[in-house]
Each structure stands twice: as structure tokens, then as C-alpha cells.
Amino acid sequence: MSAQQPLLETKVLLVEDEAAIVTMLRYNLEREGFKVFSTGDGDEAVGLVKAHRPDVIVLDWMLPGMSGVDICTTLRRQEETKAVPIIMLSARGEESDRIRGLDAGADDYMVKPFSPGELVARIRSVLRRLRPVLSEKQLAFSDLKMNLAAHHVTRGSKDVHLSPTEFGLLRHLMEHPGRVFSREQLLDAVWGHDIYVELRTVDVHIRRLRKGLDPEGNHPELIRTVRSAGYALEEVPVGEKQPESPADK
């Protein structure tokens, strides 16, 4: 059993073309609770970053297609991917190689061979350093504040009273403001992978959460319904009509 849980819901994109290394790292990362996507093709990696929006990228230097250095440089030049933490893997252990990898935009550099435990520790370390919201005890969005330690939510100067499920749902949205989550993704994140819950349950809790955040209907809506896609934490202009659920046409 893992002695330490990953920081919140952490998605790892593993870009590595050696099958044995992929198998070993995937097993160890998933055992620690990380969600892992992988590719062995450098050209495919940039597209997967945009498609899956990983929390951290584990990137091999030597790849077919684009090299890890080229991928790193490309991601750092694009607005939507420039802030994603990158840990570069390489058999190159010279100081000049480390410097080149870090200059290309990598946040950390690991020389092969290494232990899976060290990689897990490096992932946690880089996330704490570069994405402090993942380790802070307070979350904030607009006039909404969440104290994770006290399990307490306020909007403006007023307390917000939520059920544990609504609190978990809001926490997940506040940890990823602006990101659209499908109902399936919200079920997995809040209820868990091994529990069967109907999709409509998410809609019911979103409706209750909206009511809890603004019982008198005097404030801007903070949860946007995205048709055919899901829900996102995003301030909605006053008066804009929201669909009942993402399935509504």
C-alpha cells in the first residue's frame, strides 16, 4: 500500500519509447494513485498535451520524431502549455547535457537509470514548487473562498453551507478553474472509480451546489454548463440562461 497519496488528482503524461521503461513507470505511478497517459512518439506528444492537459509531463530526451528537447521548447513557446511542469529523462549525464535540458525549459532532469520511487518524489516536489495551489490549504475563485483544513466555504462575507459531496465537487472545480469536466470525469474524481452512480446524479448535485452558492439569486453564476461537454468553474454574466445539464440540447 502506498505510504503517501498523490497531490489531489494528478495526471501524468509519460513520453517514452522504451516499452520496458513505460511498463515499469506506469505500474509504479498508477500504484501511487496517479493517472497515466503515454506515448512513445515525439510528434504525437504535443497533441496529447493539448488533449489531456496533464498536471506534469515525464519526457524522455531521445525519441522517434521530435526529440524531448524540441518538444520541451515547443511547449514553452505556446501559451496553453507553457506552464505545464516537465521532468526530463535521459541517459546523458554530463553537466552540459543537464544544462541544455534545463535551458530548453525542463523543470527537473533525471539521469537513467533511476528508481521509480525517486521519480514519484520528483513529481511531488516539482508540483509543490511550481503549482503551490496543490499543497495550500486555501482555494479561492472570484469572491469564493474554501478552507480545506476547516472544511469551510464563504462567498463574500457569508458562509456557504454544503453537503460533503457538494464540497468535494466544488473543491475539484476550484482546483481546476476554467477547465471543462464531463459528468463522467466528475463522477470519477468526486465519487470514485469503483462506485456506480448515474450520470444524472452529477446534474442534481451541480444544481444543489449552485443553490448553495447563491441561495437568493443575487450573485453571478460561477458554474457554467457547457453544452454536450460538461461543467466548468467560470463566472457567468448575470442574466445568461444556463442549460439544465450538458446533455440538454
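Say we look at region 76-104 and pick out the residues that are within 20 Å of the chain's Cα centre (by Cα), of a type outside the set (S, T, N, Q) and outside any strand (DSSP E or B); which of these is farthest from Ile21 (Cα to Cα)? Before the answer, list the steps.
Filtering region 76-104 for residues within 20 Å of the chain's Cα centre (by Cα) gives 76, 78-88.
Among the residues that remain, those that are also of a type outside the set (S, T, N, Q) are: 76, 79-80, 82-88.
Of the ones still in play, those that are also outside any strand (DSSP E or B) are 76, 79-80, 82-85.
Values: Arg76: 26, Glu79: 31, Glu80: 29, Lys82: 26, Ala83: 26, Val84: 22, Pro85: 20 Å.
Across region 76-104, the extreme among qualifying residues is Glu79.
Could you list all residues from region 53-89 that are of a type in the set (D, E, K, R) and modelled with pLDDT of 90 or more? Quick ask: steps written out before the conclusion?
Step one: list which residues in region 53-89 are of a type in the set (D, E, K, R), which gives 53, 55, 60, 70, 76-77, 79-80, 82.
Residues satisfying the conditions are Asp60, Asp70.
Confirm whether Leu13 is hydrophobic (A, V, I, L, M, F, W, C), in contact (Cβ under 8 Å) with a residue 60 or more places away in the chain, under 19 Å from Met110 (Cα atoms) and surrounded by 15 or more Cβ atoms within 10 Å (Cβ to Cβ). Before you say what the answer is, go through the steps one by one.
Values: hydrophobic (A, V, I, L, M, F, W, C): yes; in contact (Cβ under 8 Å) with a residue 60 or more places away in the chain: no; under 19 Å from Met110 (Cα atoms): yes; surrounded by 15 or more Cβ atoms within 10 Å (Cβ to Cβ): yes.
So Leu13 does not fit the description; no.
Residues are listed down the side, and each one gets a yes or a no for (1) buried (at least 17 other Cβ atoms within 10 Å of the Cβ); (2) modelled with pLDDT of 90 or more; (3) not in a loop (DSSP other than H, G, I, E, B):
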{"site": "Asp159", "(1), (2), (3)": "no, yes, yes"}
{"site": "Leu169", "(1), (2), (3)": "yes, yes, yes"}
{"site": "Met174", "(1), (2), (3)": "yes, yes, yes"}
{"site": "Leu187", "(1), (2), (3)": "yes, no, yes"}
{"site": "His193", "(1), (2), (3)": "no, no, no"}
{"site": "Val197", "(1), (2), (3)": "no, no, no"}
{"site": "Leu209", "(1), (2), (3)": "yes, yes, yes"}
{"site": "Arg224", "(1), (2), (3)": "yes, yes, yes"}
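Whether any residue in region 110-120 is in a strand (DSSP E or B) and of a type in the set (D, E, K, R) is what I want to check. So that I can check it myself, show each step before the final result.
Here is the first cut: in region 110-120, the ones in a strand (DSSP E or B) are 110-111.
This time we only want the ones that are of a type in the set (D, E, K, R), so: none.
No, because not a single residue in region 110-120 is in a strand (DSSP E or B) and of a type in the set (D, E, K, R).
The values are calculated or read from the model by the stated rules, or taken from the named source; none is laboratory data. Owing to the predicted nature of the structure, the values given are computational and were not obtained by experimental measurement. All Cβ positions, glycine included, derive from the backbone under ideal geometry; neighbour counts span all protein chains shown.
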